[in-house]
1. Scan the stretch 134-158 for residues that are within 16 Å of the ligand (Cβ to nearest atom), out of contact with any Asp or Glu (no Cβ under 8 Å at 6 or more places or on another chain) and either in a loop (DSSP other than H, G, I, E, B) or over 19 Å from SER99 (Cβ atoms) (or both) and report the count.
2. Does the stretch 163-175 contain at least one residue that is outside the structural domain of TYR360 (by TED's automatic domain parsing), part of a loop (DSSP other than H, G, I, E, B) and near the ligand (Cβ under 10 Å from one of its atoms)?
3. Can you name the condition, by its number, that ALA134 falls short on among (1) under 14 Å from LEU184 (Cα atoms); (2) in contact (Cβ under 8 Å) with a residue 60 or more places away in the chain?
4. So which pairs qualify, if the first residue must be in the stretch 341-355 and closer than 16 Å to ASP100 by Cβ and in contact (Cβ under 8 Å) with a residue 60 or more places away in the chain, the second must be aromatic (Phe, Trp, Tyr) and outside any loop (DSSP other than H, G, I, E, B), the Cβ gap must be under 9 Å, and the two must be at least 6 apart or on different chains?
5. Kindly indicate which of TYR361, TYR343 is closer than 20 Å to ASN87 by Cβ and crowded, with 18+ Cβ neighbours inside 10 Å.
6. Is it true that GLU199 is within 16 Å of the ligand (Cβ to nearest atom), in contact (Cβ under 8 Å) with a residue 12 or more places away in the chain and acidic (Asp, Glu)?
7. Determine which single condition VAL51 fails, assuming it passes every other condition in (1) buried (at least 17 other Cβ atoms within 10 Å of the Cβ); (2) touching an Asp or Glu at 6+ places or on another chain (Cβ under 9 Å); (3) more than 18 Å from CYS176 (Cβ to Cβ).
8. Filter the stretch 202-213 down to the residues that are touching a residue at least 12 places away in the same chain (Cβ under 8 Å) and not in a loop (DSSP other than H, G, I, E, B), then identify the one that is nearest to the ligand (Cβ to nearest atom).
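The values are calculated or read from the model by the stated rules, or taken from the named source; none is laboratory data. Just so it is clear, the structure is predicted and the values come from calculations on it, not from any experiment. Here the Cβ positions follow ideal geometry from the backbone for every residue, glycine too, while neighbour counts run over all protein chains shown.
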Amino acid sequence: MKPIPYGRQHISEDDIQAVVETLTSDFLTQGPKVAEFEEAFAAYVGARYAVAVSNGTAALHLCTMALGVNKGSRVITTPITFVASANCVRYCGGEVEFSDIDPATALLDAEKVRQLVESKPKGYYSGIIPVDFAGNPVNLEEFRKLADEHGLWIIEDAAHSPGGYFIDSKGEKQRCGNGRYADLAIFSFHPVKHIATGEGGMVTTNDVELYKKLLLYRTHGITRETELLEENHGGWYMEMQELGYNYRIPDMLCALGLSQLERADAGLARRRGIARVYDQAFAEVSGIQVLQTNPAALQEDHTGHAYHLYVIRVEDRKGLYDYLREHQIYAQVHYIPAHTMPYYRSLGYSKGDFPLAESYYSECLSLPMYPSLTQQEQEFVIGKVKEFVQK
Ligand SMILES: *Cc1c(COP(=O)(O)O)cnc(C)c1O
């Protein structure tokens, strides 16, 4: 059997054709595919605006800039995430305030965040960055209520959850990144994510003012729009109005993204199918715990979980990781808690600060989960996992 990774991209003939077409067009960087991808993606998640950028980390940075994060800002996020969710606060000089997870889901615990926020005077915290970890949607309605009471903004890190949704208290389906409850949301198109463009990212929002800022910061803070200019010297004239970056994504990658987006629902259905098979296989096995789907994302038989990852918890995680590798199954660990990284320790965090996140980390393992995983490969993985745990 071929090596089995925990995640991988799927590139079709149509994808290749789409890229080849843009290569021979007039546009290598900013061309018509950028706007097309933005429009299609905004429609897919149900948001008003989308801004395509060079990667998910750039998307996060543009969000913290647009929200005015600075030296005085304190922003709450989860330790169980890719470090970029926290780093984007540091890029703007703000303080990262980690808060512990709900051990059942490994998501940022909204109740703990409430306690943290309420323990300080109003204005102490600026915002919250909840993460739809593993594709499991956070209940943004709950976070929004808290945010409104305390004047906080919300950036939803939806890198794991395109196509996922939760059901709000009115019974309405809220797709991840739709901008209904969060001010801004970000996505990543790194090859292990649902939609792959090599490198790439997207910000979505319903807020037109934030949208305009994102556009400006994406390209050096430069505008050419006549109605925004302070002066106008002629057709060539542009103004750099703010300090921005070059976070643009090339047209050919947007063409790839558009082509991938067409298969997003099929990929999602396959991911959910794979998850059901794992769920059934491990349900009766003592020694294996699976993460629970957020109750808000569960309705009848249907699940809003987008399954970027399928995580199990086992006592001898290192043993299982090594055993699977011996059989060329490359499971992975998501994540080493961000606060235990040397960089965040240098800012004052220590091991022991978030015991639930740390205990989760000591047991978690992400099993192979991607649309092209075959039934035979999945059975092989399940067999090896059970063999190890039951030995
Ligand atoms: C992948 C990822 C990012 C960053 O995306 P890049 O495109 O790799 O920069 C941010 N947050 C989470 C949770 C991610 O998994």
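1. 3
2. No, every residue in the stretch 163-175 fails to be outside the structural domain of TYR360 (by TED's automatic domain parsing), part of a loop (DSSP other than H, G, I, E, B) and near the ligand (Cβ under 10 Å from one of its atoms).
3. (1)
4. Going by the 9 Å Cβ cut-off, the qualifying pairs are TYR344/PHE98; TYR349/PHE98; ASP353/PHE98; PHE354/PHE98.
5. Details: TYR343 fails: crowded, with 18+ Cβ neighbours inside 10 Å.
Matching residue, one of TYR361, TYR343: TYR361.
6. So GLU199 passes the test.
7. In the conditions (1) buried (at least 17 other Cβ atoms within 10 Å of the Cβ); (2) touching an Asp or Glu at 6+ places or on another chain (Cβ under 9 Å); (3) more than 18 Å from CYS176 (Cβ to Cβ), VAL51 misses (3) alone.
8. MET202
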